[in-house]
2 protein chains.
Amino acid sequence: MVLSGIWRKNENQRDPLPPNLVVSHDKSVSPQSVQELCASVGWSRREPELIVKALQNSLAVVSIWSNDEMIGFARATGDMVFNATIWDMVVRPDFQRLGVGRLVMHELLKELDEYQIPLVTLYADPGTDGFYKRFGFLCDPSGVRGMFREKQEY
Amino acid sequence: MVLSGIWRKNENQRDPLPPNLVVSHDKSVSPQSVQELCASVGWSRREPELIVKALQNSLAVVSIWSNDEMIGFARATGDMVFNATIWDMVVRPDFQRLGVGRLVMHELLKELDEYQIPLVTLYADPGTDGFYKRFGFLCDPSGVRGMFREKQEY
């Protein structure tokens with residue numbers, strides 16, 4: 001899908017989106033493109049075959065492309081009924097603050113809303129909660145806390 | 001699987017587990033049993049056909065049975081590669097504080113560890129984080145915050 005100007009007008013963005021962006025909801029995007037995009041923001045390297053498997057097992061995958069390069073990405077896991085969780089929201093540094101992140105979230109939430117999933121959650125890095133609040137996300141509602149268990153050895 | 005006394009000894013529990021508990025990792029458990037268990041702790045009613053779909057789309061489902069009644073439950077969603085999220089951890093009130101919740105978590109994490117999933121997350125209700133800390137979970141590590149968007153109309 002190539003974007004029209006309507007998105008820009010409706011969303012009242014301060015800066016216009018870069019021209020000729022392409023939005024994809026395809027889970028079969030190139031794992032190398034995901035890898036390069038994640039590397040551009042300093043995330044640790046993930047094996048292409050694991051990326052392919054994770055994307056296939058995701059509920060929704062959104063990528064934004066400019067001149068055949070992936071510049072924005074996010075995905076969601078979930079049960080397709082009661083809940084979904086957003087992961088790996090990333091925008092290439094040279095395309096940040098241009099509305100690409102908002103476009104990624106808009107497209108991802110649109111797809112999750114088609115499934116009528118009542119609860120969408122995410123884990124926000126420090127300083128990013130203001131961005132997600134624009135989309136109706138609340139921090140720790142009713143005192144519910146996000147908790148993590150990480151194992152480095154895998 | 002019927003539990004032996006070994007679990008009790010190894011876990012150093014103050015109270016012994018109720019006798020003759022049965023552990024199931026079957027995603028095809030009766031949705032009515034899940035419904036009744038959730039009702040016993042006051043959770044809002046979910047349609048059986050939606051429960052069936054959500055269980056099938058979950059990565060792992062654990063239920064604990066006593067005399068053919070479900071007394072403990074939890075499940076996890078995820079991509080089977082990089083992350084999993086635990087949902088709907090519940091123990092029937094008359095079986096709480098007997099080690100059933102620990103058994104549910106032990107069984108669920110054991111299954112997720114078989115997939116070698118490096119990141120397991122959950123959202124802890126107020127006052128329950130101490131329970132999850134025993135399993136290695138941390139609140140808001142590095143300032144990462146859990147965020148929620150709920151839509152009531154679905």
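A few notes on this one:
- Inclusion of B:ARG92 among residues that are farther than 26 Å from A:LEU55 by Cα and either out of contact with any helix residue (DSSP H, G or I) (no Cβ under 9 Å at 6 or more places or on another chain) or open to solvent by less than 50 Å² (accessible area, probe 1.4 Å) (or both) is warranted.
- If you go through the range A:100-154 and pick out every residue that is more than 7 Å from chain B (Cβ to nearest Cβ) and out of contact with any Pro (no Cβ under 9 Å at 6 or more places or on another chain), you end up with 22.
- Among the residues of the range A:54-82, the ones that are within 14 Å of B:THR77 (Cα to Cα) and of a type in the set (Phe, Trp, Tyr) come to 1 in all.
- Qualifying residue in the range A:35-50 (condition: in contact (Cβ under 8 Å) with a residue 40 or more places away in the chain, touching a Leu at 6+ places or on another chain (Cβ under 7 Å), more than 8 Å from chain B (Cβ to nearest Cβ) and among the polar types (S, T, N, Q)): no
- If the condition is being assigned to a strand (DSSP E or B) and surrounded by fewer than 21 Cβ atoms within 10 Å (Cβ to Cβ), then the range A:53-86 contributes A:TRP65, A:SER66, A:GLU69.
- Within the range B:110-120, tally of residues that are within 14 Å of the chain's Cα centre (by Cα) and open to solvent by 10 Å² or more (accessible area, probe 1.4 Å): 2
The values are calculated or read from the model by the stated rules, or taken from the named source; none is laboratory data. Note that the structure is a prediction, hence the values are computed from the model and not measured. So basically every Cβ, Gly included, is an ideal-geometry build from the backbone, and we count neighbours across all protein chains shown. Accessible surface is based on the protein model in full, side chains and every heavy atom, while ligands, DNA and RNA are left aside. Shrake-Rupley method; radii C 1.70, N 1.55, O 1.52, S 1.80 Å.
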